[in-house]
Amino acid sequence: MQQTPPDSRREHWDTVYRTKDETAVSWYQEHPARSLALIRSVAKSPSSLIDIGGGASRLVDDLLAGVHGDLAVLDVSAAAIAKAQARLGASADGVTWIVADITAWQPQRHWDIWHDRAVFHFLTQTADQDAYIAALKKATRPGAHAIFSCFALDGPERCSGLPVQRYSASSLAARLGAGFGLLRDEAESHTTPAGGTQKFTYALFERRQDT
């Protein structure tokens, strides 16, 4: 099983964020309402959250505005994170920023909530998926929650010039394995800035003891 070289993934996404305005990319959401609703459905006070592939996403803005305390954003692209930090200004100091490839990252702590909108579906190699799931398990404990948003079975086959792996809630649950119990799933038709439609599967999982 081969993994995609981290450098090639980093170069791709740095190029995307250096050459495009973050409000023009197909996945842009001014307010990621569905992600926020799922987060709020499981968030406790206090709770910690890591946003995987958060990059220039506006999710962190809304979480900070809601006085959500222990926040981390991980992205392979330093250029994407730099855009978010510039946008947030002094508020960026309230976030832990991690520049890392999720398939090579070794978490050093646990989070209560793991959020991923549109990262896992870019991992089409089994070895990359396995490495991601290993990081997910290392960064969470039983009782933690994981929120995923991936292209649905009738969603795009490619995005940003790359192939993707499409999922239903059940196929995503099967891929994550018995250590994650599916609590809830929702469908979303995302309207892109260009006016197109992308079908997404959202799924909320609870971390269980590995079996």
> Does Ala169 satisfy the criteria of being within 21 Å of Ser41 (Cβ to Cβ) and of a type outside the set (Val, Ile, Thr)?
Replying inline: yes
>> Given (1) of a type outside the set (D, E, K, R); (2) over 16 Å from the mean Cα position of the chain (by Cα); (3) modelled with pLDDT under 95, identify the lone condition not met by Cys159.
In response: (2)
> Among the listed residues Asp70, Asp112, Asp61, Asp93, which satisfies the condition of being without any contact (Cβ under 8 Å) to a residue 60 or more places away in the chain, surrounded by fewer than 20 Cβ atoms within 10 Å (Cβ to Cβ) and closer than 22 Å to Phe205 by Cβ?
Replying inline: Asp70
> Can you tell me how many residues in segment 125-137 are more than 12 Å from the chain's Cα centre (by Cα) and either crowded, with 17+ Cβ neighbours inside 10 Å or under 21 Å from Phe205 (Cβ atoms) (or both)?
Replying inline: 9
> What about Ala72, is it within 15 Å of Val99 (Cβ to Cβ) and either out of contact with any helix residue (DSSP H, G or I) (no Cβ under 9 Å at 6 or more places or on another chain) or among the hydroxyl-bearing types (Ser, Thr, Tyr) (or both)?
Replying inline: yes
> For segment 3-54, what are the residues that are under 23 Å from Ala92 (Cβ atoms), exposed (fewer than 14 other Cβ atoms within 10 Å of the Cβ), in contact (Cβ under 8 Å) with a residue 40 or more places away in the chain and basic (Lys, Arg)?
Replying inline: Arg18
> If a residue has to be surrounded by fewer than 16 Cβ atoms within 10 Å (Cβ to Cβ), of a type in the set (Lys, Arg) and closer than 18 Å to Phe122 by Cβ to count, how many in segment 164-211 make the cut?
Replying inline: 1
> Applying the selection to segment 114-146, what residues are outside any helix (DSSP H, G or I) and within 23 Å of Ala33 (Cβ to Cβ)?
Replying inline: Trp114, His115, Asp116, Arg117, Ala118, Val119, Ala144, His145, Ala146
> Does Gln165 count as under 17 Å from Asp51 (Cα atoms), part of a loop (DSSP other than H, G, I, E, B) and without any contact (Cβ under 8 Å) to a residue 60 or more places away in the chain?
Replying inline: no
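The values are calculated or read from the model by the stated rules, or taken from the named source; none is laboratory data. No experiment lies behind these values; they were computed from the predicted model shown. Heads up, the Cβs are rebuilt from the backbone with ideal geometry, glycines too, and the neighbour counts pull from every protein chain shown.
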